[in-house]
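Before any comments, here is the structure.
The values are calculated or read from the model by the stated rules, or taken from the named source; none is laboratory data. Keep in mind it's a predicted model, so treat the numbers as computed, not measured. Counting neighbours? That spans all protein chains shown, and the Cβs are built from the backbone with ideal geometry, glycine included.
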Amino acid sequence: MALVLNIETATTNCSVSLSKDGETLVLKEDHTAGYSHAETLHVFIDKVFKTAGIEPSKIDAVAVSKGPGSYTGLRIGVSSAKGLCFALNKPLIAISTLESLAHQVNIDNGFIVAMLDARRMEVYSVIYNSNHELQRGIEAEVLTEESYANILSEKKIYFIGNGVEKTKNLIKHPNAIFIDEKLPSANEMSALAELKYKKSDTEDVAYFEPYYLKDFIALKKKN
């Protein structure tokens, strides 16, 4: 049983939670468009501690969303998490961004595809069954009208994440169910971080890096 600070910055949602024994005590997040993580993350961290009435030194671990996702967002979140771990002498727990996103969906049958928007018609995606058991690992995939056709012919698929908008313009199968306007949140990290803490599944703070999935490519500004 642990008291964990959870940090999620992989998308435009800057999200921080404080959890105890896998249950979220306090959640602070900003869903507005655009990345304001550099300005708001440490403000949110301070607010969750003050709202809970808990001193930072009392936590047992820091959990961070490891990616895939925004290069800049992940760098900010991981750098902050590592800084806290060093300062407080606490272990670091890494949570898959897409796994925590998939846990926003609770179904009895079918599959869950958690997906984050990438460039053009590409998404970062993963497939879980209705028990949140991994069915296909994380991939960078280019979407077409035939994507997931073999699964959709037999089962419903619940698509979630900011990759949904481009997906529903392509896939028109009746078994495709699209959950709009959902982003990864530190709320779902709470239970996952507790499980990892119990197993002592932690990272080397000095050497841990975000999981980008693809190399960062700097785009030139248009004149």
Check: Looking at the stretch 111-154, which of its residues are surrounded by fewer than 19 Cβ atoms within 10 Å (Cβ to Cβ) and touching a residue at least 60 places away in the same chain (Cβ under 8 Å)?
Finding: Ala140
Check: How many residues does the stretch 50-89 contain that are under 15 Å from Tyr207 (Cα atoms) and not in a helix (DSSP H, G or I)?
Finding: 2
Item checked: Where Gly73 falls short, out of the listed (1) surrounded by fewer than 24 Cβ atoms within 10 Å (Cβ to Cβ); (2) of a type outside the set (A, V, I, L, M); (3) in the same structural domain as Lys28 (by TED's automatic domain parsing); (4) in contact with a Phe, Trp or Tyr (Cβ under 7 Å, 6 or more places away or on another chain) -> (1)
Note to self: Quick check on the stretch 58-66. Is at least one of its residues at pLDDT below 95 and either surrounded by fewer than 21 Cβ atoms within 10 Å (Cβ to Cβ) or touching a Lys or Arg at 6+ places or on another chain (Cβ under 8 Å) (or both)?
What the structure shows: no
Next item on the list: Filter the stretch 179-215 for residues that are among the hydrophobic types (A, V, I, L, M, F, W, C), out of contact with any Pro (no Cβ under 6 Å at 6 or more places or on another chain), surrounded by 13 or more Cβ atoms within 10 Å (Cβ to Cβ) and assigned to a loop (DSSP other than H, G, I, E, B) and give the result.
Entry: Leu183, Val205, Phe208
Check: Out of all the residues in the stretch 143-156, is one or more under 18 Å from the mean Cα position of the chain (by Cα) and outside any strand (DSSP E or B)?
Finding: no
Note to self: Looking at the structure I just gave you, is Asp30 among the charged types (D, E, K, R), more than 18 Å from Pro184 (Cα to Cα) and in contact (Cβ under 8 Å) with a residue 12 or more places away in the chain?
What the structure shows: no
Check: If you go through the stretch 25-32 one residue at a time, do you hit one that is assigned to a loop (DSSP other than H, G, I, E, B) and either touching a helix residue (DSSP H, G or I) at 6+ places or on another chain (Cβ under 6 Å) or more than 21 Å from Leu98 (Cβ to Cβ) (or both)?
Finding: yes
Item checked: Residue that is modelled with the lowest pLDDT [pool: residues in the stretch 103-124 that are touching a Phe, Trp or Tyr at 6+ places or on another chain (Cβ under 6 Å) and within 19 Å of Thr12 (Cβ to Cβ)] -> Ala118
Next item on the list: Hey, could you check the stretch 86-106 for residues that are over 16 Å from Ser17 (Cα atoms) and touching a strand residue (DSSP E or B) at 6+ places or on another chain (Cβ under 6 Å) and say which is surrounded by the most Cβ atoms within 10 Å (Cβ to Cβ)?
Entry: Leu98
Check: Condition test on Thr40, is it hydroxyl-bearing (Ser, Thr, Tyr) and over 16 Å from Ala81 (Cα atoms)?
Finding: no
Margin query: Yes or no: the stretch 90-98 includes at least one residue that is farther than 30 Å from Val205 by Cβ, of a type in the set (Ser, Thr, Tyr) and at pLDDT 95 or above.
Written below: no
Next item on the list: Residue by residue through the stretch 169-199, note down the ones that are modelled with pLDDT of 95 or more and farther than 26 Å from Lys28 by Cα.
Entry: Leu170, Ile171, Lys172, His173, Pro174, Asn175, Ala176, Ile177, Lys199
Next item on the list: Determine, yes or no, whether Val126 is of a type in the set (Val, Ile, Thr), within 30 Å of Pro91 (Cβ to Cβ) and in a loop (DSSP other than H, G, I, E, B).
Entry: no
Next item on the list: Kindly establish whether Arg119 is among the basic types (Lys, Arg) and either under 12 Å from the mean Cα position of the chain (by Cα) or in a strand (DSSP E or B) (or both).
Entry: no
